[in-house]
Every structure is written in C-alpha cells, then in structure tokens.
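This report concerns only the one structure given below.
No lab work stands behind these numbers, since they all come straight from the coordinates. Keep in mind the model is a prediction, meaning the values are calculated, not measured. FYI the Cβ positions are ideal-geometry reconstructions off the backbone, even for glycines, and counts take in every protein chain you see.
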Amino acid sequence: MKLAKQLRLLLLGAPGSGKGTQTSRLVKAFPTLNSLSSGDILRAEVARGTPLGLQASKLIEEGKLVPDETMVGVIKNHLLENDWLNGDSSWLLDGFPRTGAQAKDLDKVLHENRADINLVVELDVDQKKILERVEARWIHPASGRVYNLDYNPPKEPYRDDETGEKLEKRKDDTAEVFGKRLDKYNEEISSLREYYSKKGILHPVAGETSDIIFPKIKKLIEEKFGTASEGSS
Ligand code: G5P
Ligand code: MG
C-alpha cells in the first residue's frame, strides 16, 4: 500500500514488546516506508569492532544506555547517509529516542530539515509476559531479522529463513540483563510520553500479542496518512 502523505513515525515500547516485529510488518505493508533500528545499528557496530561498537558493547551487555549525544549523532548520520533527512521521505525509528534529551535533540535536527515527527506509537504490552519472549528470541545479526522459538520459529531450526545462515542469541537477552533494561525503560518512558502527548502525536496501542497490535497500527496509519494505489500521484 502506498502512503498518500510522508510518515515519520517513532515506535516506543519496552524491551521485547515487539518493536522489531512491528517494524518488519509495517515496511512490508507500506513499501515506501523505510526503517532504522538503533539496537540493530549498534549491534552491527559491535560486530565490526568499530570504536562506537567497543563503547556500546559493554553498555548493551549491562543493560545500560549508550550516551545521548553519541546516539543522536549516530541516528542523524544514518538519516543523512540514506538521504532521509528531508520532508520527502517516509521512515520509522525503532528504539530511538529513549530519553527526553534524545527526543529534544532529534526534534531540533528534524525541524531544521522540515522533517518533524508526525506519529508516535507506544506499544502497550503486559510486561509480565515479555521475559519469556526474549528468552526464546533468536536473531539474524546481519539483517536484524528476529525469530522466536514459540511465536515465529525459523523454517529450519536456528537458521535464517532467507540466507540459511546461523541464528544467534543476543547477549542482553538473559533474565538478569532484561530486568535492568526494563527498569531503565520504565524510568525514562514517562518523560517521553509527556513530551509527545503535549505535541498531540502520541498513540498508545495495546494488545496481548503482536498479531492483535499490528492491524491497529496499520489502521491508524491509513486513517492519518491515507493511502493511494500504486502508480497514482
Ligand atoms: P534494542 O535492540 O532497541 P530493546 O530492549 O529496546 O532493544 P528489543 O529487545 O529489541 O528492544 P523489541 O524489538 O521491542 O525488543 O521486540 P521484538 O524483537 O520484536 O520481539 C521480542 C521477541 O518476542 C522476538 O523473539 C519476537 O519474535 C517475539 N514476539 C513478538 N511478538 C510476540 C507475541 O505476540 N507473542 C510472543 N510469544 N512472542 C512475540 O536496544 C538494545 C540496547 O542497545 C542500546 C541499549 O544498550 C539497549 O539496551 N540502545 C540504546 N542506548 C541508548 N539510546 C538508544 N536510543 C538506544 N537504542 C539502543
Ligand atoms: Mg528490537
């Protein structure tokens, strides 16, 4: 489906709430929508052993946040490199911003480029249920594709559906680190909620599973941004 207006969307949600899962489904449903995941970007830097990767790897493994200034610079560079820092592109950010300071700094950069955020979706999932999700998660690091042994298992056990490459566990998907990540999320989310609800663009979307949440987000986007059939202007 083609969007009638450019969409610049933030996906907020606790660790394991399904941000990555919704991102994959949304980019499939709306092919002009691009996506950036701050966690995937950082994990790629860790895998490449870059200076940022070295800095981030310890923080990620301890369930701590990478400093705001570093993160804002990373996302800004990715938007620039992809030529998305303008009013003509549609994209969604998964996992960024996650502090009030990141949100304000991002807005400054976007506003200067006439690319203000126009929708923020907060995934509202029962936090008691998500530890078991991340314990059963396996990822394909090169693409960011996410699997779950119970919910969406790979076609071949522990192998990526598209490349056949081996899947890996994330080092921060242990009960101990997950607890720290969740605490950090709960500490930061109220300032983000307040910030975006004052702007009138925050939409919490609740559901027990990602299958229930996805059609609600899709409908919200269709209502607010309209759709045009492929090929029409
Ligand atoms: P990340 O990578 O952004 P988190 O903690 O925010 O990590 P995470 O863990 O990636 O978020 P998610 O993307 O919200 O979770 O969830 P997901 O992967 O889609 O789903 C989780 C699992 O559940 C998967 O196995 C999926 O298949 C399954 N699943 C989905 N839906 C359902 C369902 O309905 N039912 C069931 N049973 N299963 C389901 O950030 C990692 C680290 O990077 C740093 C931080 O250190 C952070 O901890 N970082 C930043 N630091 C500072 N600022 C930032 N902006 C940063 N961004 C990242
Ligand atoms: Mg994710």
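With contributions of -39500 (n - 2.57) from each DSSP H run of at least four residues, the per-residue ellipticity at 222 nm computed over the chain stands at -14500 deg cm²/dmol.
Going from the residue with the fewest nearby Cβ atoms within 10 Å to the one with the most, Tyr151, Tyr185 rank Tyr151, Tyr185.
Checking the Cα-Cα distances for Lys64/Lys216; Lys2/Lys184; Lys169/Lys224; Lys108/Lys128; Lys76/Lys218 against a 29 Å cut-off, the pairs over it are Lys64/Lys216; Lys2/Lys184; Lys169/Lys224; Lys108/Lys128.
Taking the Cα centre of the chain as origin and assigning +1 to Lys and Arg Cβ atoms and -1 to Asp and Glu Cβ atoms, the resulting dipole is close to 260 debye.
Extension gain, Glu61 to Ala136, is 25.2 nm, computed as 0.36 nm per intervening residue step minus the present C-alpha separation.
Which is farthest toward the positive dipole end of the chain among Thr209, Trp138, Val121, measuring Cα position about the Cα centre, with Cβ charges +1 (Lys, Arg) and -1 (Asp, Glu)? Selected residue: Val121. The relative contact order of segment 118-175 comes to 32 percent, based on Cα pairs under 8 Å that sit 6 or more residues apart.
Candidate cross-link partners of Lys166 among the aspartates and glutamates, defined by an alpha-carbon separation under 12 Å and a same-chain spacing of 8 or more, comprise Glu156.
Taking the centroid of alpha carbons for each part, segment 74-135 and segment 182-214 are 12 Å apart. Across segment 1-96, the mean sequence separation of Cα contacts (distance under 8 Å, 6 or more residues apart), normalised by length, yields a relative contact order of 49 percent. Measuring nothing but how far apart in sequence close Cα pairs (under 8 Å, 6+ apart) lie, relative to its length, the chain scores a relative contact order of 31 percent.
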